[in-house]
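Each remark here refers to the structure printed beneath this line.
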Amino acid sequence: MGFGLLALRASRTSSAINRSCFSTSPTLLISRIFASQSPNPSNRHSRGIVSTPELLQNAEATAEAPQPQEIHPPRTPLAGARVHFPNPEDAIEVFVDGFPVTIPKGMTVLQACEVAGVDIPRFCYHSRLSIAGNCRMCLVEVEKSPKPVASCAMPALPGMKIKTDTPVAKKAREGVMEFLLMNHPLDCPICDQGGECDLQDQSMAFGSDRGRFTDVKRSVVDKNLGPLVKTVMTRCIQCTRCVRFATEVAGVQDLGMLGRGSGEEIGTYVEKLMTSELSGNVIDICPVGALTSKPFAFKARNWELKATETIDVTDAVGSNIRIDSRGPEVMRIIPRLNEDINEEWISDKTRFCYDGLKRQRLNDPMIRGPDGRFKSVSWRDALAIVAEVARQVQPEEIVGVAGRLSDAESMMALKDFLNRMGSNNVWFEGNGVRPNADLRSGYLLNSSISGLEKADVFLLVGTQPRIEAPMVNARIHKTVRATHAKVGYIGPPTDFNYNYENLGTGPQTLLEIAEGRHPFCSALRNAKNLAIIVGAGLFERKDKDAILSVVDSIAKLGNVVRPDWNGLNFLLLHAAQAASLDLGLVPESDNSIESAKFLYLMGADDVELEKLPSDAFVVYQGHHGDRSVYRANVILPASAFSEKEGTYENTEGCSQQTLPAVPTVGDARDDWKIIRALSEVAGVCLPYDNLAGIHSRISVVAPNLLRVDDREPTLIHTDLKPDCQQKMSTEPFCSAVDNFYMTDSITRASKIMAQCSASLLLKK
């Protein structure tokens, strides 16, 4: 049937209906309409529909009733992200590809897409840096917007409908990727970023299969940023992540953008090195191969490496790290996310000290011969000689010293062994003569590392966080930048990367503040959350009790310790320091070294041995041939932190564990296993022979050490400390760390750290 005949029949039917509209009742009209439109001829003889006003109203109400909404299954946010609503009333709803998502007001479109489980490509955006919006890779389509918008810079509005997978968005990203690749060199086979490069991944996912650029690519001169960061600036895509990191996180104005248009490039304005202690983090945040690790250059591909999640022991922060190894060698160290401790940054010392793990290592047990030279022996012979000498000396002449890198298990075994030998002179290097180990609040960072962000005034007493604990200093810098918190500092001249007021250099300034005579007292009184940070370097002073008593007076003046806030903090220096105080490694005698005849050094390389008697027998148990080896009579090789499972407690009291990433070197053994074997040879066998047994022993002495990744809160101690009658000295405070890059046996053995010490310290 032709279209003309169909149109004619339709017009006749409609005209007939129109003619009858003026002479027919509404009921009959409805009946005729349904009869004329019915496709079945038998329906034309059926009874017409009779309607009343009530039925018509019900029909209209039914037509206007809202249709049931389509129920969408819940979507999982990217990377298990959790959305925090500070104020539930500020929650808004947006639609991402048709899925409703509830987010807090103030979130960007990109963040809303992440909550909805949609991954938006990006280069310049980073969650911990300010928004730049200059790569344009994150373009999405928003309803009623005339063109695609940059999702990283567009705030999400209530009811906004976001489309991430439309042809318009795909075409926009493809065009952006083509522009980015226009001047990018095709050197992926020789680029160290290959295999973990954002540009590679996003080019495969969102780019075109061919390029249309046929002109000559531009090239950029490489910059010298120091011995740690390698630059190939021709690969740079000008995302400015490194510039924003240096300014906002590291707190240095070393990097910036130079030039305009196709001639713009990242540089240092004047030729200089990047002197920040966090400079290595630009390697992680660089999305391309422009900034890579100079020590790791051309060493390995990332798919060849075995990853082991562990923690850092070069300071007392306990930063979470990942050790990448190949065979028996540690190839690199990169950060691991932990919001409460190090966020996603680590210091340069943590990142680049790994080459010290294979240099100057102790492989075999050795005994010093009559000619003064060491010769290798078996474990049986070495332990027999040590046990024989230990049995011949008096118990009060036996002294044990735990080193800075000792784990809790080995310190527990050392203390038990010396106690069974009749001696209680076991202590930890760096704690001073009589450390305050009675209350945990007297030596921990009570406000926690992340809790420092709540403070509005900081008072730093004898501590330099930038070189003692860079990740704690990064928190302070973050707080000062975000809330303009005031910082007062008492100590030797130093260089912080935030605004601070130097109040004085010694204890006299503390007295002035405690008596209310210092101008900074007004800031302390007006502070809502005052944070006092006392450096652990004061533990070595003879007048430390008097200083801590004055600090307690200042804490009462600023209402620092209360149920909802404990801002009286102690910043420790070494990885094993907190656990040593929890386990009670406190010497019985103040002059134990002077009277020692048998000295057991467990990784202790910074003990002053000048006062040690010349006829004393010294046993050195450790993993590096460092300072104390030259005085040792017997050397027992031990495993390093990357080769064993051990428990460490950081400065805020959080227990964490190291895991073995590589096998032990030579004939080395774990520290606690050596002491356990020695106790058996000496006839005072310890009652445990595995980790479960030694953990059972630790649960009796310090059960908090077994709560891994958990921080047990400390008790408020203000009224429990006795009054101090000690007189305070006028000697000014001194620096606790002389060389940031060389603080323990591993970093002193590192060639990379030696280069940093030689070049960067002179530039600062």
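The values are calculated or read from the model by the stated rules, or taken from the named source; none is laboratory data. Predicted model, so just to flag it, every value in this text is computed and none were measured. Glycine gets a Cβ as well: all are built from the backbone with ideal geometry, and neighbour counts include every protein chain shown. Surface areas here come from the heavy atoms of the whole protein model, side chains and all, with no ligands, DNA or RNA. Shrake-Rupley method; radii C 1.70, N 1.55, O 1.52, S 1.80 Å.
Summary table below
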| item | result |
| --- | --- |
| Amide H contacts under 5 Å for Ile321, placed H, 5+ residues apart | Thr310, Ile311, Asp312, Arg336 |
| Per residue solvent-accessible surface (Å²) - region 78-182, probe of 1.4 Å | 51 |
| The chain, accessible surface, carbon-and-sulfur percent (1.4 angstrom probe) | 53 |
| Long-range tail of P(r) for region 424-463 (Cα pairs > 15 Å, %) | 61 |
| Percent RCO, i.e. relative contact order, over the chain, from Cα pairs under 8 Å lying at least 6 residues apart | 13 |
| Within straight-line cross-link reach of Lys170, lysines at Cα separation under 24 Å, skipping those fewer than 8 residues along the same chain | Lys144, Lys147, Lys161 |
| Relative contact order for region 523-609, counting Cα pairs under 8 Å that sit 6 or more residues apart, in percent | 32 |
| HN-Hα J in Hz across region 642-650 - Karplus 6.51, -1.76, 1.60, θ = phi - 60°, x for Gly and Pro | 7, 10, 8, 9, x, 9, 10, 10, 7 |
| Cut-off 13 Å between beta-carbons: net charge of the residues surrounding Pro613, Lys and Arg +1, Asp and Glu -1 | -1 |
| Stokes-Einstein D for region 78-182, Kirkwood Rh over Cα pairs, 37 °C, 0.692 mPa s (µm²/s) | 233 |
| Formal net charge of residues neighbouring Cys734 (Cβ-Cβ distance under 11 Å; K, R +1; D, E -1) | -2 |
| For region 552-679, with +1 on Lys and Arg beta carbons and -1 on Asp and Glu, the positive-most of Ser679, Ser553, Phe598 along the dipole | Ser679 |
| Note, ³J(HN,Hα) from phi for region 487-504, Karplus 6.51, -1.76, 1.60, rounded to Hz, x at Gly and Pro | 10, x, 10, 10, x, x, x, 8, 10, 8, 9, 8, 5, 8, 10, 7, 7, x |
| Helical mean residue ellipticity (222 nm; -39500 (n - 2.57) per DSSP H run of 4+; nearest 500) of the chain | -8000 deg cm²/dmol |
| Qualifying GluC sites (Glu not before Pro) for region 264-297 [loop in DSSP, other Cβ within 10 Å: at most 11] | Glu271 |
| Alpha carbon centroid spacing (whole Å) that separates region 224-276 from region 145-209 | 23 |
| Residues whose placed amide H lies under 5 Å from that of Lys294, excluding near-sequence neighbours | Val229, Lys230 |
| Positive minus negative residues near Val313 (Lys, Arg vs Asp, Glu; Cβ under 10 Å) | -3 |
| Neighbour cut-off at most 15 other Cβ (10 Å), DSSP loop, trypsin sites (Lys or Arg not before Pro), region 230-270 | Arg260 |
| Span per principal axis, largest first, for the Cα atoms of region 535-624 (Å) | 53, 27, 19 |
| Selection from Cys734, Ala387, Ser759, by position along the positive dipole direction of the chain (Cβ) | Ser759 |
| For Ile532, residues with placed amide H under 5 Å, excluding near neighbours | Leu459, Leu568, Asn569 |
| Euclidean distance of C-alpha centroids, region 678-719 and region 91-128, integer Å | 46 |
| Dipole magnitude of region 78-182, debye to nearest 20 (Cβ charges: Lys/Arg +1, Asp/Glu -1, about Cα centre) | 260 |
| Whole-Hz couplings from phi, Karplus 6.51/-1.76/1.60, listed for region 123-139; x for Gly and Pro | 10, 7, 6, 9, 5, 9, 10, 5, 7, 9, x, 10, 9, 6, 7, 8, 5 |
| Greater than 29 Å apart at Cα, pairs in Lys230/Lys454; Lys349/Lys611; Lys486/Lys556; Lys556/Lys611; Lys230/Lys644 | Lys230/Lys454; Lys349/Lys611; Lys556/Lys611; Lys230/Lys644 |
| Candidate residues Trp303, Trp427, Trp565: accessible-area rank, largest first, probe 1.4 Å | Trp303, Trp427, Trp565 |
| Bins of 20 Å from zero: percent of alpha-carbon pairs in the chain | 14, 38, 28, 10, 6, 3, 0 |
| Dipole magnitude (debye, nearest 20) for the chain, charges at Cβ of Lys, Arg, Asp, Glu | 3000 |
| Solvent-accessible surface (1.4 angstrom probe) belonging to His484, in square angstrom, nearest 10 | 150 |
| Kirkwood Rh in Å, taken over all unlike Cα pairs in region 188-293 | 14.8 |
| Selection from Ile162, Met137, Phe85 lying farthest towards where the dipole of region 78-182 points positive, charges on Cβ | Met137 |
| Where region 188-293 is the region considered: accessible area per residue in Å², 1.4 Å probe | 44 |
